[in-house]
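The values are calculated or read from the model by the stated rules, or taken from the named source; none is laboratory data. The structure displayed is predicted, hence computed values, not measured ones. Counting neighbours? That spans all protein chains shown, and the Cβs are built from the backbone with ideal geometry, glycine included. For the accessible areas, the whole protein counts, side chains as well, though only heavy atoms, and no ligand, DNA or RNA atoms are used. Shrake-Rupley method; radii C 1.70, N 1.55, O 1.52, S 1.80 Å.
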Amino acid sequence: MELTWYRKGTIYQIYPRSFNDKSGNGVGDLKGITEKLDYIKSLNVDIIWLSPIFSSPNDDNGYDISDYCAIMEEFGTMSDFDELLSETHKRGLRLILDLVANHCSDEHNWFKESKKSRNNKYRDYFHWVDPASDGGPPNNWKSFFGGSAWEYDKNTEQYYLHLFTKKQPDLNWENPKVREEIYNAMRFWLDKGVDGFRMDVIPLISKRKGYPDAPDFGFRKIIEDIYANGPRVHEFLREMNQKVIRQYDAFSLAEGIGINQELAGLYVNEDREELDMLYHFDVLECTIVNGKFEEEIPFDLVNLKSIFKKWRDAVHGTGWITNAMGNHDFARLVSRFGNEGKYWKESAKMLITMLATQNGTLSIYQGDEIGMTNVNLDSIDEVKDVQSINFYKESMESKKYTSIEAMKLINKEGRDNARTPMQWSEDINAGFTEGEPWLKINENYKTINVSRQDNDSNSILNYYRNLLAIRKENDVFIYGDVEELDFNSNSFYGYRKSFRDKGIIVLLNFTDKNYEYISGKGMSMDDVLINNYDNILMNEEKINLKPYQAVVFRLSD
Ligand code: TEU
């Protein structure tokens, strides 16, 4: 595959609400991001992805858009955006926006109009359906955030569909006018010079005719078979590609909810001209069976290896993916997959070494570069995420969990973990705001913060910088043939990669114990590209990896 800029690049995801607040209203803003562009550049990333910055009543923090071509007031103005974009480009970075095209806000003018009457010209911008014969919802679909996916409107006596909260009505993509509205919004931003879009829940845009009931086979499969991958999704995506994306030097990144390896090619095979890259969920969901707060399975390294392998094989030579292990919807990377305690630093560095050496574009999430951890919220009053709040309410109503148990689950898996404000310094409010932060700041900000790590050559932050610089120089990190080593080990992850005439070998200890890897053949201290410890205990026969040690060797030609 040709290693185009977006394939070679590293994506840095910003959750603007929690990044940096310049105005003092307690909410991060665009000027705050502009102020930190030199910091972002210093990470050696290439593409900034901004979670939604558009007008929104914030029921789901911007994933409920009320005007696609206006900036959320709390975040600043359009001229702040223009400045951010031009300063981003000045530094040789790219900027992509988060396009939420499956649904909008119920406060969007389209929906307000649509609700007025059955004859309103915006009525079929949405999925309005008659009640079932018993007066209840048209089918058994559940919202991702709890309860029925249908909301009744007394005035017009029909239900509308909302796969997320009831303030996020699903748009009706069958209607060509809706598609044109979305394309126009995309053009508006592309004409300003943005470099592409991350496309929120894009596999959900085409609904199944007649809205068939979902069989009772677990939420994950329901997503795949009933909500996502609808009959016209590929036609819509091709149209979007031809009419919009291809007209610009831009790329599209699909949030891959409901897309498994068999279906991946249909979305991202290069010759199909639909989407450029897939952000798959399997790593993020590797311990989650059927959605948040439900039964979890323990982390299993062999399973993780097979996920990476399957995805690599699924798109090899034909399409492209990005790999991520954290974002604004999941618990913190190091808390979930690493070791928050004694080996916090080592495990954070090991995890990013693994991700940065997988085939595909690398996506990292703000704060992971300094090893930010999960937060402890004391009571439901401190919880801000609508998914967690709904879960709490439902748990209290159904008495499935006590309040203490529900809070425990929220603190473990809830989305606020990843949304606490960025920890810049030891100053008040972690240097994030001079106002009252919209969400609690993690109490550990005095020890975990950017300013402390900036000048510490041994910090997680400087490890990220170094690793990403090395990745830029070594295409074999990004792409190549992979040979697994000791695949069945649940403690050790190792692989040899080759691309063109270059090769590397990656050795990762996933435990807090030493691990002896038998064979030091072809590996020499002179060929170490990166190592998260000061030294390596090795000889010709074996390498003794320290807890969470990660080493990448260059293989001699
Ligand atoms: O997420 C889609 C999505 O699948 C999430 O609901 C995810 O399953 C869940 O958070 C994991 O528990 C996207 C956005 O990333 C998310 O922030 C939005 O809330 C959602 O779409 C609706 O727009």
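What to note about this one:
- Matching residues, segment 316-339, being away from the ligand (no atom under 16 Å from the Cβ), under 26 Å from Asn269 (Cβ atoms) and not in a loop (DSSP other than H, G, I, E, B): Ile321, Asn323
- Condition check for Arg312: away from the ligand (no atom under 14 Å from the Cβ), open to solvent by 20 Å² or more (accessible area, probe 1.4 Å), modelled with pLDDT of 95 or more and closer than 24 Å to Ser489 by Cβ: yes
- Test: residue in segment 452-475 that is touching a Ser or Thr at 6+ places or on another chain (Cβ under 7 Å) and open to solvent by 40 Å² or more (accessible area, probe 1.4 Å): no
- Enumeration of residues in segment 260-285 that are in contact with an Asp or Glu (Cβ under 9 Å, 6 or more places away or on another chain) and open to solvent by 10 Å² or more (accessible area, probe 1.4 Å): Asn260, Gln261, Leu263, Leu266, Glu270, Asp276, Phe281
- Elements of type strands (runs of 3 or more DSSP E) contained in segment 1-110, each with 1 or more residues being under 18 Å from the mean Cα position of the chain (by Cα) and closer than 25 Å to Phe144 by Cβ: 10-14, 47-50, 94-99
- Subset of segment 163-196 (residues that are within 16 Å of the ligand (Cβ to nearest atom), polar (S, T, N, Q) and farther than 20 Å from Leu97 by Cα): Thr165
- Taking residues in segment 522-544 that are in contact (Cβ under 8 Å) with a residue 60 or more places away in the chain, and partners anywhere that are in a loop (DSSP other than H, G, I, E, B) and not polar (S, T, N, Q), the pairs with Cβ atoms closer than 7 Å and at least 6 places apart or on different chains are Tyr533/Lys546.
- Among the conditions (1) closer than 30 Å to Asp191 by Cβ; (2) under 23 Å from the mean Cα position of the chain (by Cα); (3) open to solvent by 40 Å² or more (accessible area, probe 1.4 Å), the only one that Asp170 does not satisfy is (3).
- Scanning segment 379-403 for residues that are in a helix (DSSP H, G or I) and open to solvent by 70 Å² or more (accessible area, probe 1.4 Å), we see that the one that is farthest from Pro437 (Cα to Cα) is Ser398.
- Segment 174-196, subset surrounded by 23 or more Cβ atoms within 10 Å (Cβ to Cβ) and closer than 24 Å to Gly258 by Cβ, residue farthest from the chain's Cα centre (by Cα): Met186
- Condition met for Lys166 (within 30 Å of Ile410 (Cα to Cα) and of a type in the set (Lys, Arg)): yes
- Test set (1) in a helix (DSSP H, G or I); (2) open to solvent by 30 Å² or more (accessible area, probe 1.4 Å); (3) within 24 Å of Tyr15 (Cα to Cα) - Lys349 fails condition number: (2)
- Matching residues, segment 38-58, being of a type in the set (Asp, Glu) and under 20 Å from Ser79 (Cα atoms): Asp38
- Every test in (1) more than 16 Å from the ligand (Cβ to nearest atom); (2) surrounded by 23 or more Cβ atoms within 10 Å (Cβ to Cβ) is passed by Met199 save one, and that test is (1).
- Within segment 210-249, the set of residues being open to solvent by less than 10 Å² (accessible area, probe 1.4 Å), in a loop (DSSP other than H, G, I, E, B) and in contact (Cβ under 8 Å) with a residue 40 or more places away in the chain comprises just one member, Val244.
- All positions within segment 126-159 that are open to solvent by 40 Å² or more (accessible area, probe 1.4 Å), assigned to a strand (DSSP E or B) and within 27 Å of Lys177 (Cβ to Cβ): Glu151, Tyr152
- Answer residue from segment 322-345, given it is charged (D, E, K, R) and touching a residue at least 60 places away in the same chain (Cβ under 8 Å) and is surrounded by the most Cβ atoms within 10 Å (Cβ to Cβ) among those: Arg332
- The one condition in (1) more than 16 Å from the ligand (Cβ to nearest atom); (2) open to solvent by less than 10 Å² (accessible area, probe 1.4 Å) that Asn359 fails to fulfil: (2)
- A Cβ distance below 7 Å, combined with a sequence gap of six or more or placement on separate chains, defines the contacts here; from segment 373-391, residues that are within 16 Å of the ligand (Cβ to nearest atom) reach residues that are at pLDDT below 95 and open to solvent by less than 40 Å² (accessible area, probe 1.4 Å) in the pairs Val386/Phe145; Gln387/Phe145; Gln387/Lys292; Asn390/Phe145; Asn390/Gly146; Phe391/Gly146; Phe391/Phe293.
- Candidates Ser56, Ser105, Ser66, Ser114 - the one that is within 16 Å of the ligand (Cβ to nearest atom), of a type in the set (S, T, N, Q) and open to solvent by less than 10 Å² (accessible area, probe 1.4 Å): Ser105
- Test: residue in segment 421-437 that is within 16 Å of the ligand (Cβ to nearest atom) and either aliphatic (A, V, I, L, M) or in a loop (DSSP other than H, G, I, E, B) (or both): no
- Note on segment 266-296: residues that are within 15 Å of the ligand (Cβ to nearest atom) and part of a loop (DSSP other than H, G, I, E, B) total 15.
- Cross-chain or 6+ apart pairs with Cβ under 8 Å, segment 275-300 first and within 26 Å of Tyr493 (Cα to Cα), then near the ligand (Cβ under 10 Å from one of its atoms) and polar (S, T, N, Q): Leu284/Asn327
- Criterion violated by Lys521 - all others in (1) assigned to a strand (DSSP E or B); (2) open to solvent by 80 Å² or more (accessible area, probe 1.4 Å) satisfied: (1)
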